[in-house]
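Since every read-out is calculated from the coordinates, none of them should be taken as a lab result. None of the values given here were measured: they were computed from a predicted structure. Heads up, the Cβs are rebuilt from the backbone with ideal geometry, glycines too, and the neighbour counts pull from every protein chain shown.
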Amino acid sequence: MKHAGYRREGIGSRFPLDLPALLGPARDEFRWRDDRCVALETGRAAIGWLIDALGLGPGDRALLPAYVCEAAVAPFRLRGVDLDFYRVGANLVPDGEDATSRLTPRTRLLMVVHYFGFPASREALSGMPEAENLVRLEDWVQGPLSAGALADESFGDYRVLAWHKILPVPDSGLLIRGAGVPPPPHSPPLRAPRAAFFGRRLVAKSLKALAVKITGGAPRGLYRPLFDAAESAAGAGAPVRMSRFSRRLIERLPLGAIVRRRRENFRRLADALSDLPSLTLLRSDLPEGVCPLGLPVRLPDRDRVLARLVAARIYPPVHWALPAEVDPAAFPEEAALAAEELTLPVDQRYGAEEMDFIAGQLREALAREGQGGAL
Ligand SMILES: Cc1ncc(COP(=O)(O)O)c(C=O)c1O
């Protein structure tokens, strides 16, 4: 298998720090609504802060989609809030009837996830339960640059966003309170960014930027342990605020151009893979306003294909290993999807050449696994 020699640091790995952007002029393409926003360390810190601000804890329940990640569940678990799950099926459409049937008198929060940056349809959202004292939280962590994440109108009382999955920022999380929603009763104070998360990620990203610049490649052993240590510190303790460093960077990055590049890459890669019988594109259309996290696909032999891609230094994340609270027997469609999903990189660091390289390597990997990709 060929290596991505022109990008020895690999395709789809973590973003190095973008120093030129940090030193450039402010573009202010992102509008901060300070009166209704709380900026935090991560998406999970934002969810945790909301749980605390609403005063939820043991004895309360939250209703989440059955296709969800460990990081979104952790803030509830940490605070002793019990969890129920509703079906979204293989197409990731929230099932309002199922969600309604799982409401209990103790259910205080309903979460909807907008997967991969694509908004859940209005029709699906209109079928979701409503109840007095039920707070609705929309999770846009995978699509903070999609139009719906910041739209004036929203389905939820609150929205949670984070940028560090799609931008080169060390820390980021944002909780937005909807227009007309009264402030939560207990708004906890926010402490300064933590060395254990922000500090480690800042150093790791700087090391990576330096290594890529000097060697053209990136000795992963240098910075990877720092990224891993930061990840294991995420979500611990009381939520802290986002750094001014990341805010400054977000204000200076060319967000519009980033969205356009991601959309171009998504289209090119989706077209290049559309004829493969053993691969299903989870999203093939790209509606107006969507900023895709990646190109999510479904592959029966995912783990073996993934190993081949990694050998070619292509690093597509898996979304997700489902948390222990989701019973695979009760949610077989979501469990099957979790076992087969792979999110191919389409980010702004790359262009047509890398998309064609990914498509070529994927075809080769499928052919070698006997899954019909022509070489
Ligand atoms: C849908 C969703 N919600 C919440 C989170 C938690 O975000 P963070 O990693 O910023 O804490 C994630 C993280 O992967 C996510 O994918």
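Summary table below
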| quantity | calculated |
| --- | --- |
| Breaking point among (1) away from the ligand (no atom under 16 Å from the Cβ); (2) in a loop (DSSP other than H, G, I, E, B); (3) β-branched (Val, Ile, Thr), for residue 93 | (1) |
| Condition check for residue 367: over 24 Å from residue 258 (Cβ atoms) and not basic (Lys, Arg) | yes |
| Matching residues in the range 101-117 - criterion: being within 16 Å of the ligand (Cβ to nearest atom), in a helix (DSSP H, G or I) and touching a strand residue (DSSP E or B) at 6+ places or on another chain (Cβ under 9 Å) | 115, 116 |
| Matching residues in the range 23-79 - criterion: being over 18 Å from the mean Cα position of the chain (by Cα), within 16 Å of the ligand (Cβ to nearest atom) and among the acidic types (Asp, Glu) | 52 |
| Residue match in the range 317-336 (condition: over 22 Å from residue 90 (Cβ atoms), surrounded by fewer than 21 Cβ atoms within 10 Å (Cβ to Cβ) and of a type in the set (Phe, Trp, Tyr)) | no |
| Residue in the range 152-160 that is within 14 Å of the ligand (Cβ to nearest atom) and surrounded by fewer than 24 Cβ atoms within 10 Å (Cβ to Cβ) present | yes |
| The range 189-205, residues that are out of contact with any strand residue (DSSP E or B) (no Cβ under 9 Å at 6 or more places or on another chain) and surrounded by fewer than 16 Cβ atoms within 10 Å (Cβ to Cβ) | 189, 195 |
| Flag for residue 323 being within 16 Å of the ligand (Cβ to nearest atom) and in contact (Cβ under 8 Å) with a residue 24 or more places away in the chain | yes |
